[in-house]
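Written below as structure tokens is the structure these notes are about.
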Amino acid sequence: MLEVERLCSFYGRAQILHDVGFAIAPGSVAVLLGRNGAGKSTVLKSLIGLVPPRAGRIRFQTADIAGLPPHRIARAGIGYVPEERRVFADLTVAENLETGRHPPRPGLAPWTQARLFALFPALAELRRRPAGRMSGGEQQMLAIARTLMGNPRLVLLDEPGEGLAPLMLRQIEQAVRALRDEGVSLLIAEQGPAFARAVADQVLVMEKGAIVWSGSQAALAADAPARQRYLAP
Amino acid sequence: MHGFFFLQLLTGLATAAQLFLLAAGLTVIFGVTRVVNFAHGSLYMLGAYLGYSLITRAPPTPVGFALGALATAAIVAALGAALEIGLLRRLYRAPDLFQLLATFAVALMAEDLTQRVWGAEDLALPRPGFLAAAVRIGAARFPLYDLVLIGLGPAVYLALLALFRTTRWGVLVRAATADRDMLACLGVDQRWLFTGVFALGAGLAGLGGALGLPDATATLQMGFSSVTDAFVVVVVGGLGSLSGAALASLLIGLLQAFGIALVPRSTLVLVFVVMAVALVLRPHGLLGRVPDETGRAAMPDLIRPATPALRALALAALLAALALPFVAGPFLLSVATEALIALLFAASLHLMMGPGGMASFGHAAWFGLGAYGAALAALALRAPLPLALVMGMLLAGAVAALFGLVVVRLAGVYLAMLTLAFAQIVWAGAMQFGEISGGDNGLLGVWPPRWLGGPVGFYFLALALCVGGALVLRRALQAPFGYALRGARDAPQRAAAIGLDITRLRWAAFTLAGAAAGLAGALFAFAKGSVFPTYLGLGRSVDALLMVLLGGIGTMSGPFVGAVVYTGLYDALLLATDAWRLVLGAAIVAMVLLFPQGIAGAAARRVRA
Ligand SMILES: Nc1ncnc2c1ncn2[C@@H]1O[C@H](COP(=O)(O)OP(=O)(O)OP(=O)(O)O)[C@@H](O)[C@H]1O
Ligand SMILES: [Mg+2]
């Protein structure tokens, strides 16, 4: 599905990512862990093309997408939900969903507004509300739903649980499981291991712009020194 | 009295409808692309000319007229799309001054090309019966066509609202207005969205130009005059707000109608007062929002004390300037005198625009006020030359100080537009109040006294005052005042936190710049022996802008280089070709695309690298 090799990204002259490499299998969930500033968001931004990588390869399905503009990468089937959510504040929920709409893809059940409202029932009642006047959790759901309207095969989620109340968090978690059951792959960036524990097939740990540990959820749970070294606050 | 009121109301509504058609496209384009399209007036002008050609060829019936106007809108829309693809697409992330400059250049070229295609004569549409028809209102007759316009304005407004609210395209456009990058991440290719928006805005301008034909003639001047009107409407309404533009059109249209009827000469002042009051109360316009400046390049800034090499170069230039009168003929000497005056003029704008961070599109106001002040002092008060120069400078400085109270709180494009509008109003005032200013004929016979020793003496006077003045400005920038000013520009919050009074700083810079430009204008009056309203005109404001940008806004030597290169280029062009607007426009476009940092800026980078 996705293979990343020796990816290097920069902000201006500052190199942020150093030879990042990993792979994601179809229909699986990978979680990217790391402390503040480890470079998780930058990995996602490099994948979607917001921060075009200076070196390295990104293979998505059969195409090399490194260096393409974001809209081409999105159309190729990668969805991106940014850390700040970035819903269009003046647009209503329904209009926000419309901005993400793209034709269905073979082999995936197409997302419609109706199916998304079933996935996030809270949104259904807010259909006509401007996104700027919704709570953080509702905006997070909308941001995910908006991305799904494009029928992506791989979804990049940047800290979907950040700042959410436990109840909201559980809803997002359920949505992530539902997505995986649909056959959508996910790459989720998170600071703490809590969210990952619930859903991850694979865990990638980052520090200073490089992947320093990878393995299964169970392996991370057993490796106390690694957790201490890379993840303890 | 009732009849009078009703008639003025209708006249005002018709004016408002036309203003809205003119301004709607500008505000739509700005709202989405953040480009202030100076060429909008040219698209409107093209609408008028093309509309003339098409409508006069169509059958003289209402249907023929409507089809002609629609075809015009379609053609102008296509031209707008071409403009976006060919030029603006490359400039979206550039500082907004460069977009203004590039579109200004397009306006210059458009004027030249229009003259080549349609000739210099004004074109008046013949008025078949249906256009000449009128309805009786009380004792007066009101044109039927204006009633149609009164209906069309709101119809277009509602159609646009529906387009943005209900269509997928409209939703995407509104999303792009809010967050372009996010929209791209959702798989939308915004380039075509922007092209579409540009086509829409241009099409509206074209439609407005064609629909304006029955009430006005197509003239070559309408490009620049209409863009000023459009700016006023859009700035008062709030940049990017369609409803704001509608509201402002209504306000200004009605004010003009009643203003003209009650106090015939009040309109100019009225419009300005409306704008000033609106912007003081609401600095982002009636319905505007605080602009989001993310993703936009800041102006490069390379201000430092001169290096030894630069000092040596400057000294050599000064020596050459001192020696010039002994080798040059009268023509070269007069060009050199003008270049010196241009230098001071450019340096004064640079102070405002570079370190002050206040882009002015109406810097000619101060230049012209200085010229008129000096000329009136010399002619009416018989003041000797030194006193006349001082009076010119004081007049410009005093008006700048007053006007500065209103505008220095504004930012970016709003300030640029307001200064532009102010200059246009002073210009129109000079045309209108002929008893004082001589109107179109200007003021003649403003010669330097004999004791100065003819052109050579005057050259030395200009050399002393202009180079001296420019050096004083330069010195001020290296003094604490200059640092504080730049601090206020780059980090206003921090500057305010350490106790700098930002408004006062900017006001002082504005006043100083106005006075220096006034001195340049006063000298210019004596250099030419006369003063004309063109000294106040848009063309001269743009000269100053070009000199500053040509030299590079972020360098202190920029205005020096820019003034000399520009004056030379301009005189050479004017002599060599009658297509100077075309050539100048093309040169500006090339410069904006190739040297976004100006000549001196590019040289400084070369040296540093
Ligand atoms: N726009 C930017 N310009 C320059 N440097 C940046 C920019 N964004 C992030 N950085 C730097 O890049 C590094 C990685 O940042 P990134 O946002 O990818 O980290 P992160 O792992 O997502 O952190 P967090 O958990 O806080 O979201 C940090 O050192 C950060 O300071
Ligand atoms: Mg992050």
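Taking a ≥ b ≥ c as the square roots of the eigenvalues of the Cα gyration tensor of region B:94-187, is the shape rounded (a/c under 1.5), prolate (a/b larger than b/c) or oblate? Verdict is oblate for region B:94-187. Counting heavy atoms of the protein chains alone, A:S216 has an accessible area of about 50 Å² for a 1.4 Å probe. Kirkwood-type hydrodynamic radius, chain B: 25.2 Å, calculated from all non-identical alpha-carbon pairs.
Counted over region B:2-281 with a bin width of 10 Å, the fraction of Cα pairs per bin, in whole percents, is 7, 28, 35, 22, 6, 1, 0. With the convex hull of its Cα atoms as the shape, region A:149-233 has an orientation-averaged projected area of 6.4 nm². Suppose we look only past 16 Å in the calculated P(r) of region B:177-233. What percent of the Cα-Cα pairs does that tail hold? Here the long-distance tail beyond 16 Å is 59 percent of all Cα pairs in region B:177-233. Long hydrophobic helices in chain B, taken as whole DSSP H segments with a C-alpha length of 24 Å or more on their own axis and mean Kyte-Doolittle hydropathy at least 0.5: B:2-33, B:62-86, B:96-118, B:144-166, B:190-212, B:242-262, B:308-327, B:330-353, B:385-407, B:412-432, B:502-528, B:558-576. These residues, B:F510, B:F560, go from largest to smallest accessible area, 1.4 Å probe, as B:F560, B:F510.
Provide a list, ordered by number, of residues in region B:173-189 showing at least 50 Å² less accessible area with every protein chain present than when their chain is taken on its own, using a 1.4 Å probe. Flagged in region B:173-189: B:R174, B:M182, B:C185, B:L186, B:G187. For the chain pair A and B, the buried solvent-accessible surface (1.4 Å probe, both sides summed) amounts to about 1800 Å². Put A:E125, A:E207 in order of accessible area, highest first, and with a 1.4 Å probe you get A:E125, A:E207. Rounded to the nearest Å, what's the spacing between the alpha carbon centres of region A:22-81 and region B:403-469? Just the number, please. So the separation of the two Cα centres works out to 58 Å.
In the full protein context, region B:328-538 carries 38 Å² of accessible surface per residue, based on a 1.4 Å probe and ignoring ligands, DNA and RNA. Considering only B:L83, B:Q478, A:I188, whose Cα is most displaced toward the positive end of the charge dipole of the protein assembly as shown, charges sitting on Cβ of Lys, Arg (+1) and Asp, Glu (-1)? Checking the options against the dipole of the protein assembly as shown, the answer is A:I188. The share of alpha-carbon pairs in region B:318-395 lying farther apart than 15 Å comes to 67%. Of all aspartates and glutamates in the structure, the ones whose alpha carbon falls short of 17 Å from that of A:K40, not counting any fewer than 8 places away in one chain, are A:E3, A:E5, A:D19, A:E83, A:E84, A:D158, A:E159, A:E162, A:E190, A:E207. Over region B:457-589, the fraction of Cα-Cα pairs per 10 Å bin, rounded to whole percents and listed from the shortest bin up, is 10, 33, 33, 18, 5, 0. Extent of region B:328-538 along its three principal axes (Cα atoms, max minus min coordinate, largest first): 55, 38, 27 Å. In the calculated pair distance distribution of chain A, what percentage of Cα-Cα distances lie above 31 Å? Counting every Cα pair in chain A, those more than 31 Å apart make up 18 percent.
Determine the distance separating the Cα centre of region B:6-65 from the Cα centre of region B:309-379; give it in Å without decimals. That distance is 39 Å. Per residue, the convex hull around the alpha carbon atoms of region B:84-135 comes to 166 Å³.
Projected over all directions and averaged, the alpha-carbon convex hull of region B:157-294 occupies 10.1 nm². Counting only protein heavy atoms and a probe of 1.4 Å, the accessible surface of chain B is 70% carbon and sulfur. Accessible area per residue for region A:2-231 is 42 Å², calculated with a 1.4 Å probe on protein heavy atoms, without ligands, DNA or RNA. Evaluated on region B:371-492, the Kirkwood hydrodynamic radius is 17.2 Å, with distances taken between all distinct Cα atoms. Which longest run of chain A has no exposed loop site in it, a site being trypsin sites (Lys or Arg not before Pro) in a DSSP loop with at most 12 other beta carbons within 10 Å, and the site itself not part of the run? Longest stretch, sites excluded: A:14-127. Restricting the trypsin sites (Lys or Arg not before Pro) of region B:46-142 to loop positions (DSSP other than H, G, I, E, B) with no more than 14 neighbouring Cβ atoms within 10 Å leaves B:R93.
Rolling a 1.4 Å probe over the protein chains gives B:F331 an accessible area of about 130 Å². The Cα-based radius of gyration and maximum Cα-Cα distance (Dmax) for the protein assembly as shown are 30.9, 100 Å. Scattering from region B:135-238 was approximated by placing one identical point on each alpha carbon and applying the Debye formula without solvent; log10 I(q)/I(0) at 0.15, 0.24 1/Å stands at -0.85, -1.34. In region A:66-99, the residues whose accessible area drops by at least 40 square angstrom when the other protein chains are added to the isolated chain are A:H71, A:R86, A:F88, A:D90, A:L91, A:E95, A:E98, A:T99; the probe is 1.4 Å and only protein heavy atoms count.
Considering only alpha-carbon pairs that sit under 8 angstrom and 6 or more positions apart, the relative contact order computed for chain B is 20 percent. Per residue, the solvent-accessible area of region B:2-281 (1.4 Å probe, heavy atoms of protein chains only, all protein chains present) comes to 36 Å².
The residues B:W507, B:W192, B:W366, sorted by heavy-atom accessible surface at 1.4 Å with ligands and nucleic acids left out, run B:W192, B:W507, B:W366 from largest to smallest. Taking GluC sites (Glu not before Pro) as exposed when their DSSP state is a loop state and no more than 16 other Cβ atoms lie within 10 Å, the longest site-free interval of chain B runs over B:294-609.
The values are calculated or read from the model by the stated rules, or taken from the named source; none is laboratory data. Since this is a predicted model, take the numbers as computed values, not measurements. Don't worry about glycine lacking a Cβ; one is built from the backbone with ideal geometry, like all the others, and counts go over all protein chains shown. Please note that ligands, DNA and RNA were not included when accessible areas were found on the heavy atoms of the full protein model with its side chains. Shrake-Rupley method; radii C 1.70, N 1.55, O 1.52, S 1.80 Å.
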